[in-house]
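A short write-up of the structure that comes next.
The values are calculated or read from the model by the stated rules, or taken from the named source; none is laboratory data. Everything quoted here is computed from the prediction, not taken from an experiment. Here the Cβ is made from the backbone with ideal geometry for all residues, glycine too, and neighbour counts use every protein chain on show. The area values use the complete protein model at the heavy-atom level, side chains included, leaving out ligands, DNA and RNA. Shrake-Rupley method; radii C 1.70, N 1.55, O 1.52, S 1.80 Å.
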Amino acid sequence: MTVRHRDSDSTRAERTLKPNALRILVVGAGVAGISIARGLLRDGHDVSVFERRPDMRPGGGAVTIWSNGSTVLDQLGVDMEGAGQLLSTVRIATSTGRRLVNIDVSTIMDRLGGAVRMVPRRVLLERLLDGFPVDRIRCNSRVVGAVSTRDGVRIEFEDGSSVEGDLVIGADGLHSKIRGIAGAPPAKPTGWCSWQGLITLPDIAEKDVAVQIIGPRGNLGLWPAGGRDLQWWFDLPWSPGFVRPEHPIDMLRSNFAGWSDLVDDVLATLTDDDLAPSPFPHFRHPIPSTPRMRAVTLLGDAAHAMPPILAQGTNQALLDTMVLCKALSDSQKEASAGTADLYRALRRYEKTRRRRLSAVSWVTSRQMSQSESVLKPAAMISDSFGTWAMTTFMRWLSHRRISAEVNRALSSQLVQSR
Ligand SMILES: Cc1cc2nc3c(=O)[nH]c(=O)nc-3n(C[C@H](O)[C@H](O)[C@H](O)COP(=O)(O)OP(=O)(O)OC[C@H]3O[C@@H](n4cnc5c(N)ncnc54)[C@H](O)[C@@H]3O)c2cc1C
């Protein structure tokens, strides 16, 4: 069951600093950076966010938030009412129209207790920034270095300035600078890429049904994202020497036309201009071990970029946020807590996340293009088994004990503040 953690004033992310507040430097103001900053401000820390872009105008298509990610957003006091599109079903089929499995998303929601929705990234960031103290974000601040100090860390910016804190959280995305500084290996291309974006169609017949189709040369997804918006992606092989065709829409049509009526509508609507930002090569990070610097940790895509197959990027960033906030608040309970307690908490967060992340990253890197003959046995999976398997996997990924402890702590704070 979802516990609501919002009252008249709890959408304000900033609370009074607590006596032993940590000075926390967050690099990157994407979903991961703003989520963790929101959680740490809620917990009474002194948080600053540094973003290389000149402003907070967000780009991108739509992202998926599964039940466990929705629970974290609720814990952060983020109001998602009416945002994007609630999903009821993920329908998986082959390119010849053979039904493989229908995942009953409503059942996942009932069992795990949080909404499953597709949300334009722009809308999610707007909701995360609602009530967030924007003076805590410094744009035009590209981080180029970080060094350990006697009692913490200093980050350095491209303009020569620097800032000191007790710890730095690298939430700086796929090709993270902080990841390199922490000594973690870089992301590797998987050999696939997505041509993707968000389009507005005149009408979407089944607004709550996400469609995924697997064929011999690639796969595609058409996931409604609210109103008449549809997130589309076409996945094809890719290698570093890839030469972009002059008219990529022709290439997509030749690979995917005829897969379904909706696919044909989308292909007829898309133009080469819609494809201009694509392709997006898929990368996968080896899940990092202990960072080289004690006062550094990684979060979101900086820690674990993975292919978009299970639509887990944003969701996993939210789970990181919950686990890191909890580890830090547990470590700071005693007024006498020192840097050794802080560093232990960072390592506990990384260890807690590592096994789940390794599993989800492994699953997302499985080959998704298959011939009809290979897919034939998969068509024998019943919908109820498919739904059960997905629910079980999502439940295992959810850190339910930690989530319950966070819910209890937030509920008791809410009672005390009344
Ligand atoms: C423009 C954009 C569009 C996207 N579109 C989609 C989409 O359509 N569908 C989807 O599933 N996922 C998309 N994603 C990825 C998705 O946002 C992430 O998988 C997920 O939300 C986790 O986000 P993150 O905050 O870890 O990383 P990101 O969202 O990549 O955010 C990282 C932030 O760090 C900043 N940054 C990077 N380096 C530095 C530096 N040295 N100093 C300071 N700041 C730095 C970046 O500018 C960025 O704002 C997109 C990401 C971006 C940046």
Quick one: what pairs do we get from segment 299-314, first residue under 13 Å from Gly28 (Cα atoms) and part of a helix (DSSP H, G or I), second open to solvent by 20 Å² or more (accessible area, probe 1.4 Å) and among the charged types (D, E, K, R), C-beta under 6 Å, 6+ apart or different chains?
-> Ala302/Asp172
Identify all residues within segment 233-261 that are in contact with a Ser or Thr (Cβ under 9 Å, 6 or more places away or on another chain) and either of a type in the set (Val, Ile, Thr) or closer than 21 Å to Ile65 by Cα (or both); write none if there are none.
-> Trp233, Phe234, Asp235, Ile249
Please specify each residue of segment 44-72 satisfying the condition of being over 29 Å from Asp274 (Cβ atoms), open to solvent by less than 20 Å² (accessible area, probe 1.4 Å) and within 14 Å of the ligand (Cβ to nearest atom).
-> Val49, Phe50, Val72
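May I ask you to say which residue of Arg400, Arg408, Arg395 is open to solvent by 90 Å² or more (accessible area, probe 1.4 Å) and touching a residue at least 60 places away in the same chain (Cβ under 8 Å)?
Numbers: Arg400 fails: touching a residue at least 60 places away in the same chain (Cβ under 8 Å); Arg408 fails: touching a residue at least 60 places away in the same chain (Cβ under 8 Å).
The conditions single out Arg395.
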When you scan segment 216-238, how many residues do you find that are in a loop (DSSP other than H, G, I, E, B), of a type in the set (A, V, I, L, M, F, W, C) and either within 22 Å of the chain's Cα centre (by Cα) or modelled with pLDDT of 95 or more (or both)?
-> 1
Any idea how many residues of segment 178-195 are in contact (Cβ under 8 Å) with a residue 40 or more places away in the chain and under 28 Å from Phe50 (Cβ atoms)?
-> 11
Among residues belonging to segment 274-331 that are of a type in the set (Asp, Glu) and either in contact with a strand residue (DSSP E or B) (Cβ under 8 Å, 6 or more places away or on another chain) or open to solvent by 10 Å² or more (accessible area, probe 1.4 Å) (or both), point out the one that is farthest from the ligand (Cβ to nearest atom).
-> Asp330
Going through (1) touching a residue at least 60 places away in the same chain (Cβ under 8 Å); (2) over 27 Å from Val101 (Cβ atoms); (3) among the polar types (S, T, N, Q) one by one, Ser239 fails only at (1)
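Each row is one residue, and each column tells you yes or no for (1) in contact (Cβ under 8 Å) with a residue 24 or more places away in the chain; (2) on the phi > 0 side of the Ramachandran plot; (3) within 14 Å of the ligand (Cβ to nearest atom).
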{"residue": "Gly84", "(1), (2), (3)": "yes, yes, yes"}
{"residue": "Ala93", "(1), (2), (3)": "yes, no, no"}
{"residue": "Ala115", "(1), (2), (3)": "yes, no, no"}
{"residue": "Leu129", "(1), (2), (3)": "yes, no, yes"}
Which listed residue is modelled with pLDDT of 95 or more, more than 14 Å from the ligand (Cβ to nearest atom), in contact with a strand residue (DSSP E or B) (Cβ under 6 Å, 6 or more places away or on another chain) and open to solvent by 60 Å² or more (accessible area, probe 1.4 Å), from Glu164, Glu158 | Glu164
